[in-house]
Each structure stands twice: as C-alpha cells, then as structure tokens.
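Everything below concerns the one structure shown next.
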Amino acid sequence: MEDNLKFKMIAKTMYGLEEILKSELESIGATEVEVGRRMVSFEGDKSTLYKANIHLRTALRVLVPMDTFEAANADEIYQYLYDNVDWSKYLTSRSTFAFDTVVFSEKFTHSKFVAYRAKDAISDYFQDREMRRPNVSVGDPDMRFHIHIANTTVTLALDSSGESLHKRGYRVGQNDAPISEVLAAGMLLQAGWDGSTDFVDPMCGSGTFLTEAALIALNIPPGIFRESYAFEKWQDFDAELLSNILDEWEERPFEHTIYGSDASPKAISIARANVTRAGVQKHVQLSIKSIEEYTADTKPSPMGLLMTNPPYGERLRPAELEKLYGSIGSVLKHAFAGYKAWVITSNIEGFDAIGLKHFFREKLFNGSLECELRGYELFEGKRNEFVKERVENNEEYAHAGEWTEKKFDRRKTDRPRSDKPRGERGERRTFGDKPRGERSFGEKKFGDRKFGDKPRDERPFGEKKFGDR
C-alpha cells in the first residue's frame, strides 16, 4: 500500500465502546467512520493505520480487509482462497503465518476447521508453485490473517496489530481476573475523564484504572509500550514513518493526583509495580486501606472522579456481597460528596445494595461476563435541592451530566405502565437490547531497537483471566 493511498480499515472493540472508539478514530484523522457491532470501520492511509495501533485506547486490533466473498462451507473457502488470492503479495514460501477466525453462522460450526482449511489453501498455493510450504506459527507469525464469517459472507483481512491491543506492555503483575485495559480506558473516556480533577479508585486491585487514568491525563499513547506490531513485518513497512509518529506526541501537564487504595497489601504491591513500569508513578498515590475506612474528612479532595470495579458474586457469598455493596453505597454518599462515582459489576443485586440513584447506566462485557456500568452524582442533602443549586449557579459540574440524563430517560423503570391489555402490548424491552525497547517518556528514544527485528516481550503476563479486578 502506498503511503498516501487511502484504504478501508476495521478497528475491533468491546460491546458498548463503539461510539467512544468512533470519537477516537475521528481525533486521529480517520474518515468515513461508521459504527458496527463491536467494530468501527474507517478509511485512511498508512499513517492512519500506524496511528490507530498506537493511539487508540479502546481498540482491540486493527484489520485491513483484503477480500469479501460468499461460501457455504469450509471447502468453498479453501477453493476461493486458493484460486483468487495472490498470496505472493503477502508471503514467501519461507514465511510463517496464522489465521484467526470469528464465526457467526449456522453453516459454519467449527471456527478451527475454517482456519485449518484456510491454512491448507496457502500451503497448497506455494507447494504447487515453489514446491515448498510456508509454516504456521501461532505465537509469532510473519503474517497474521483474520477471517470473519457472518452467515455465508466471508471477509478476509490482514491483522495489523498482532497481539491484542489490550496488552499494552506495562503490566508486570496482576491479581485474579484483572479488568481489561481497553475496557478500563473506555469506561474512563465514557465518564469524561481528562485529568482536570483528582481521580480515586478505592478498590484498585492491580491498578488498571489508575494506570489508564494517568495515561489519559498525561496524553501518553497506550501503544508506546508495545515491543512490536504485526505491520512491522509487512513488505511495505515504513520504519521512518512509524518513528515519526512515535515521536510526535507531546506529554500534557497534569496538576492533580490519582489515588488508589486496596485492603490487600499484595494488590498494592502489584499496582505499584505496574504504575512504575508505565512511568506514571509520580502522579499516583497508593495506600493499603479498605473502602470502609474512607470518611468525609479523609477523602483526597472536595471534588473529583471515582471509578471502581468491586468483586463480583463469583467470589463472594450472597451475604458478603450485600454487605460489601452496602458499604460501598454508604461510603460514596457520606465520604465522597462532590464527586462523580462510576461502578461496574456483573451483580445487579449489588447496585440495589448500593442504594443510590444513578444518572447513567450502560451494558458492557468484562471478558465473557455481562456487566453494567452506572454513574452517580454524589451530594449532601436532597437531590432536587442539589440539582437546583447547580443549575442556578450554572456550574459546569451540573451541566456535564445532562447528556447522560437525557440518553437514559427512556430506560427509567418507574414510568407508568401501559393502559393496554397485556395481550395488546408490544414486546417488553429489556436492558440487554519498560516501554518499547528501552524507550522512556522523558527521553523519547528507542535504544538499540531496529525496525523489522522481531523482539518479543519476555515479561510474563500470566494466565489471562477475566472478571472484576
């Protein structure tokens, strides 16, 4: 692809983060931006492709579509790929490759078999022409291809990212089931976090919210930590262009503080290691402290943004769950008046125990767990008096919540029931409808890294688990 030639791309994301990703894409100069389900399509040039991988906080990977065709079974996919794709543009017989497949179809029940037949198409293509087959490498291929099947429509794409972009590269340790970096960043952007206030996570676990909040506040690209991208192995890779993009960002001043606490000393130790690896430790204050220990006298500042990801029911008995979430509600109301608080959980009963009226809610997925994110305006006294005072004073703090109030008016559950007989009512609506090489932020240099090499991050990420922290 030529440097200035525009082409179509697809950024994959998590359910519920599509609109945020759209805004991010527009901010880096992408055009023809269109939202889909768990994805956003857009157009741009090679520079846009590189920027998307480096700057997007809510993207999981960036794909470049190669072809779209119809197929009724895996053998038809094999035949089309063998007959119609010039694989020599992307591979040699000495290259390694891998296929990722995503299938939404009753006709294709085994995604691994689709990948197997696609692999056969490439192998036979080179065997018949050069008497040599390229090898499959699941862990570190030269080229990674993506197949998406919807019913009988098959889309073949190049994967420009390699490892999922949620693997920033700063995580050196984690607690059980840490929250995805992409989800954490999406929640922060949804909450309007820009570094203009203090930030608090009173149950911070391994510090994902803390680190992502610092990166946003300081304008540090999340991809700055990555050791490599898949596009660096492409035949048309432009090392100078990538170097310029990596060097063009400017750190933004951040005059506030990010506070994290947890009852677990081990969690705080891990969080400290992670924020240090990300180079944001001077902006983060950590303490061993349970959420019940917070009081109005000990909150960090009069106003701020609080976001937390308390344990889910998978690890708590019902009585423990009710007690914990009841404590969260009490602490939010009495210790954090003046804040906006955001809580995500898969336990809707937990929100009932919190007992506060939310102004925002959204369905999200933390791994495979369906969750809900709720936002609360915290104040002393009665809500009506609080809102009236803010509106009369025309304070920005009150105005910031207007769009979410309006957006979710349709979801209120206390609206009057229909007067129509039950049989005549419509269908009930449910709520479900060390950074890159030796690069350091202060120095902005790559050390001895040469583009086109294949360095791999040898830091152990551990087994990836999804859940609540």
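The values are calculated or read from the model by the stated rules, or taken from the named source; none is laboratory data. Quick caveat: nothing in here was measured; it's all calculated off a predicted structure. Quick reminder, even Gly has a Cβ in these numbers, built from the backbone with ideal geometry, and neighbours come from all protein chains shown.
Only residues that are assigned to a helix (DSSP H, G or I) and of a type in the set (Gly, Ala, Ser): list them for segment 259-282, please.
Within segment 259-282, the subset assigned to a helix (DSSP H, G or I) is 265-277, 281-282.
Within segment 259-282, Ala267, Ser269, Ala271, Ala273 qualify.
Could you look through segment 159-189, keep only residues that are part of a loop (DSSP other than H, G, I, E, B) and β-branched (Val, Ile, Thr), and pick out the one that is surrounded by the fewest Cβ atoms within 10 Å (Cβ to Cβ)?
Initially, segment 159-189 is screened for residues part of a loop (DSSP other than H, G, I, E, B), giving 160-180.
Next, from what is left, pick out any that are β-branched (Val, Ile, Thr): 172, 179.
Working: Val172: 17, Ile179: 25.
Restricting to residues being part of a loop (DSSP other than H, G, I, E, B) and β-branched (Val, Ile, Thr), the top hit is Val172.
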Check: Looking only at residues in segment 233-261 that are among the charged types (D, E, K, R) and buried (at least 16 other Cβ atoms within 10 Å of the Cβ), which one is modelled with the highest pLDDT?
Finding: Asp238
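Residues that are β-branched (Val, Ile, Thr): find the strands (runs of 3 or more DSSP E) completely inside segment 287-386 holding 2 or more of those. Step through it out loud before you land on a result.
Numbers: elements: 304-308, 339-345, 360-366, 369-377.
Once the strands (runs of 3 or more DSSP E) in segment 287-386 are filtered for at least 2 residues that are β-branched (Val, Ile, Thr), what remains is 339-345.
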Notebook entry, point to check: Does Ile348 meet the test of being modelled with pLDDT of 95 or more and under 17 Å from Thr308 (Cα atoms)?
Noted result: no
Notebook entry, point to check: Which residue pairs have Cβ atoms closer than 7 Å, lie 6 or more positions apart in sequence or on different chains, and pair a first residue in segment 262-284 that is in the same structural domain as Val200 (by TED's automatic domain parsing) with a second residue that is of a type in the set (Asp, Glu)?
Noted result: Ile268/Asp262
Note to self: Looking for something in contact with a Pro (Cβ under 9 Å, 6 or more places away or on another chain), farther than 16 Å from Asp67 by Cβ and either outside the structural domain of Ile224 (by TED's automatic domain parsing) or polar (S, T, N, Q) (or both) - is there at least one such residue anywhere in segment 112-129?
What the structure shows: yes
Note to self: Whether any residue in segment 214-224 is under 26 Å from Tyr50 (Cα atoms), surrounded by fewer than 16 Cβ atoms within 10 Å (Cβ to Cβ) and either within 19 Å of the chain's Cα centre (by Cα) or in the same structural domain as Thr92 (by TED's automatic domain parsing) (or both) is what I want to check.
What the structure shows: yes
Next item on the list: May I ask you to list the residues in segment 136-153 that are part of a strand (DSSP E or B) and surrounded by fewer than 14 Cβ atoms within 10 Å (Cβ to Cβ)?
Entry: Ala150, Thr153
Margin query: Anything in segment 168-196 that is within 17 Å of Gln281 (Cα to Cα) and assigned by TED's automatic domain parsing to the domain that holds Arg272? List them, or say none.
Written below: Gly195
